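The values are calculated or read from the model by the stated rules, or taken from the named source; none is laboratory data. A quick note: this is a predicted structure, and the numbers were derived from the prediction, not measured. Please note: Cβ atoms are built from the backbone with ideal geometry, for glycine as well, and neighbour counts cover all protein chains shown. To get the accessible areas, we keep the full protein, side chains included, count just its heavy atoms, and leave off ligands, DNA and RNA. Shrake-Rupley method; radii C 1.70, N 1.55, O 1.52, S 1.80 Å.
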Amino acid sequence: MVGGFAFVSYVERMNISVAVAQMMPAMSLSKIQMGQIFSSFLWGYAIFQIPAGRLGDAIGPRVTLTVAAVVWGLTSALTGLLPGFAFSGAFAVIATLWVLRFLLGAGEAATFPVGARAIRNWTPLWERGVGNSIMIAGATMAAAATSPLVSWIMLRVGWRASFYITSLAAFVLALVWYLTVTDNPADHRHISRSELEMITGGRNFERSPAPTKSIPLRTMLTDRNIVLLSLSYTCEGYVLFIFVFWLYIYLVEVRGFTVLNSGFVASLPWITAFLCTPLGGWLCDRITEKKGRVAGARAVIMLGYGLSGVLLFVAARWGNRVGSVAALCLSVGFLYFAEPAFWAMALHISGESAGASSGVMNTAGILGGIISTPLVPVIVKHFGWMTALGSGALVALACTGAWLVIGRAGFYDPAMAPAPTVTDS
């Protein structure tokens with residue numbers, strides 16, 4: 001179900017990156033204006049990461065994610081309805097889209113931090129890499145499916161209807177989640193005592209537990225582990241959102257694919273990511289079992305980001321479009337190969353504040369995206385696509401270098417240190 005939330009949230013955030021091919025001429029919008037609209041999603045997404053994570057810690061994933069999905073559905077439907085109809089004129093259209101995408105980002109801020117909290121509640125320590133890989137794989141499948149799906153809908157019934165149709169998935173998911181999920185595994189009627197002991201590592205996990213204790217936010221923001229993890233995750237956001245928002249346009253403008261064909265070609269990197277993500281989670285767990293949590297995360301992140309950066313540079317330089325697409329596929333795949341290691345590490349170092357610490361880390365990643373999303377069209381305008389993609393390659397390699405240093409000397413393994421002091425929420 002958490003993988004389902006990741007899937008639907010990505011459909012709702014990425015549908016505009018395909019619909020933009022018809023929206024821009026219909027609404028007389030430029031690439032730079034669309035970059036500002038894209039970045040409004042990231043601002044809402046960034047600002048509400050920590051509040052959403054703390055809310056998930058306090059009241060549980062069930063209610064938090066239900067409300068979030070309803071917000072996704074409403075804002076996505078209104079994106080198709082309001083611009084040009086209820087609000088006309090260049091300024092009104094841009095302002096309307098900016099506000100709607102900001103609100104969508106605010107609603108989607110709960111997806112991964114609160115999803116990570118659910119994984120923390122429902123999986124033992126040695127399965128958190130794979131658990132997070134399932135959540136992240138949901139996002140990669142959505143990224144693969146959204147481009148061809150929205151392209152097909154858009155060519156038949158128009159870009160507005162593409163928002164109406166994709167919004168339905170959010171409402172259905174909210175209903176199913178609310179009716180079938182519990183926050184506490186002990187409260188689920190299909191969980192046996194033996195399964196519960198495996199999930200909790202033998203700890204006493206009574207039904208209807210006392211309110212969760214959490215690490216104060218100020219303590220979390222000054223914790224060395226969380227700070228180092230978050231700073232390195234900023235690189236992830238810079239690179240990832242180049243693919244999320246600009247890959248489709250790049251394939252149309254530079255590689256010469258048609259609107260419909262670009263939808264299918266743009267899905268190939270995300271299919272590759274879907275295959276690589278569980279592999280990264282599995283490898284992270286295996287290394288963690290043998291060498292510790294820091295070693296597991298460090299090995300997977302350095303391997304994934306090192307290869308992703310090199311392959312992104314190759315994709316930008318390769319003159320053959322088939323070879324370029326193949327390199328892009330592998331670049332995205334190795335980027336996502338490293339993702340479960342980041343999220344598993346966030347759970348390892350946070351205890352009962354898993355949602356909040358995941359929110360802190362993801363906020364840093366989004367800040368990287370806030371930088372790259374509006375910056376890419378400016379770089380393209382003045383220096384070309386080669387430089388724009390090259391900047392992503394350099395950032396990925398910088399992340400690899402950072403983990404070469406901080407993974408060796410910066411992190412401490414929480415399993416070898418005293419537990420942090422906790423206070424009542």
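Here is how the numbers come out for the structure above:
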quantity	calculated
In nm, spacing of pseudo-spin labels at residue 32 and residue 90 (7 Å Cα→C-beta vector)	1.1 nm
Length gained when the stretch residue 289-residue 171 is fully extended (0.36 nm per residue, less Cα-Cα span)	38.5 nm
Cys residues of the chain counted as unpaired, since no other Cys beta-carbon is under 4.7 Å	276, 284, 329
Dipole in debye (nearest 20) - the stretch 241-368, about Cα centre, beta carbon charges: Lys, Arg +1; Asp, Glu -1	340 debye
Separation in nanometres of the label points that stand 7 Å from Cα toward Cβ, at residue 218 and residue 194	4.9 nm
Relative contact order (%) - criterion: Cα under 8 Å, at least six apart; region: the chain	27 percent
Whole-Hz ³J(HN,Hα) from phi, Karplus 6.51 cos²θ - 1.76 cosθ + 1.60, for the stretch 150-155, glycine and proline x	5, 4, 5, 5, 4, 6
Ellipticity estimate at 222 nm from DSSP helix runs (n ≥ 4, -39,500 (n - 2.57)) divided over the chain, nearest 500	-27500 deg cm²/dmol
Magnitude of the charge dipole, the chain, Cβ model with Lys/Arg +1 and Asp/Glu -1, debye to 20	500 debye
Simple label model, 7 Å out from Cα along Cβ direction - residue 24 to residue 383, nm	2.0 nm
Cβ-based charge dipole, the chain, positive-most Cα from 199, 170, 330	330
Total formal charge among the other residues, if their Cβ is under 15 angstrom from that of residue 235, Lys/Arg +1 and Asp/Glu -1	-1
Extension gain, residue 47 back to residue 59 (0.36 nm per residue minus Cα-Cα distance, nm)	2.4 nm
Net charge, residue 253 excluded, C-beta distance under 15 Å - Lys, Arg +1, Asp, Glu -1	+4
Dipole magnitude of the stretch 1-155 about its Cα centre (Cβ charges: Lys, Arg +1; Asp, Glu -1), debye to nearest 20	160 debye
Dimensionless Rg ratio for the stretch 1-126, taking C-alpha atoms and the 2.2 N^0.38 Å reference	1.15
Kirkwood-based Rg to Rh ratio, the chain, C-alpha trace	0.97
Radius 10 Å from Cβ of residue 301, net charge of other residues (Lys, Arg +1; Asp, Glu -1)	-1
Å² of accessible area per residue within the chain, as computed with a 1.4 Å probe and no ligands counted	39 Å²
With Cα atoms, 0 to 90° folded angle of helix 31-47 axis to the chain main axis	10 degrees
